[in-house]
There are 2 protein chains.
Amino acid sequence: MTEYDVLLADCPARTALELISGTWMIVVLVGLAHGPQRYSDLRRRSGGITKKMLSQTLARAVDGGLVRRPDQRGGAYALSALGESLLVPVTALTTWAETHADELAER
Amino acid sequence: MTEYDVLLADCPARTALELISGTWMIVVLVGLAHGPQRYSDLRRRSGGITKKMLSQTLARAVDGGLVRRPDQRGGAYALSALGESLLVPVTALTTWAETHADELAER
């Protein structure tokens, strides 16, 4: 494996980080964590997301290989193996956010 | 501790997640991981960051309590205890990005 470093501007790891960073991508990944979801169910679970933002986030997730598109219209979106592997660090991050939410809200 | 859920729009955990999400915040936190850094050194380490983006990111990090401002002009920025605690999930995320960079770049 090549050694990469997100501190370097031209590093592929930076591109990978750009794909996964952003609140909505994390919310969508967490929304799919417990199994495939139809668009409408995913939208209901992801509080406050607009149709446009959900569509854009899903398109980026599919392009990036994190999520599999439904086989048929109205079918369910599901995490790919790569998307599943991302749940470990994403869960660590959301757990941190949930643990320190009070502390951050007080500021 | 209150139970929080980043899937909920009005949850303080969502606000916490918004603070830490974004490529530049992660790059800046990683840049401070090995100790305090002056603004100019941090800018040099964070490949591709503009002065404006570094200033904005540092201001958000200071406001959010993740980073301590220098005591004197030209001094060093340092992670707070809260910022240090964030390094664990952030490192998990950047390690994932570094590990899967090739796979993502091929797409």
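Side notes on the structure shown:
- Selection count, the stretch B:1-36, where residues are touching a residue at least 40 places away in the same chain (Cβ under 8 Å), open to solvent by 30 Å² or more (accessible area, probe 1.4 Å) and more than 13 Å from B:Val90 (Cβ to Cβ): 1
- Members of the stretch B:60-76 that are more than 13 Å from chain A (Cβ to nearest Cβ) and of a type outside the set (Asp, Glu): B:Arg68, B:Arg69, B:Pro70, B:Gln72, B:Arg73, B:Gly74, B:Gly75, B:Ala76
- Answer residue from the stretch B:72-91, given it is open to solvent by 40 Å² or more (accessible area, probe 1.4 Å) and among the aliphatic types (A, V, I, L, M) and is modelled with the lowest pLDDT among those: B:Val88
- Only residues that are out of contact with any helix residue (DSSP H, G or I) (no Cβ under 7 Å at 6 or more places or on another chain) and open to solvent by less than 60 Å² (accessible area, probe 1.4 Å) were counted in the stretch A:49-71, giving 4.
- Pairs where the first residue, in the stretch A:82-99, is more than 7 Å from chain B (Cβ to nearest Cβ) and closer than 16 Å to B:Thr15 by Cα and the second is surrounded by 23 or more Cβ atoms within 10 Å (Cβ to Cβ) and of a type in the set (Val, Ile, Thr), C-beta under 7 Å, 6+ apart: A:Val90/A:Ile26
- Some residue of the stretch A:44-58 being within 21 Å of B:Thr95 (Cβ to Cβ), facing chain B (nearest Cβ under 10 Å) and without any contact (Cβ under 8 Å) to a residue 40 or more places away in the chain: no
The values are calculated or read from the model by the stated rules, or taken from the named source; none is laboratory data. All of these numbers come straight from a predicted model, not from anything done at the bench. Positions of Cβ are generated from backbone atoms using ideal geometry, with glycine treated the same way; all protein chains shown enter the neighbour counts. Side chains are part of the model used for accessible areas, which takes the heavy atoms of the whole protein and leaves out ligands, DNA and RNA. Shrake-Rupley method; radii C 1.70, N 1.55, O 1.52, S 1.80 Å.
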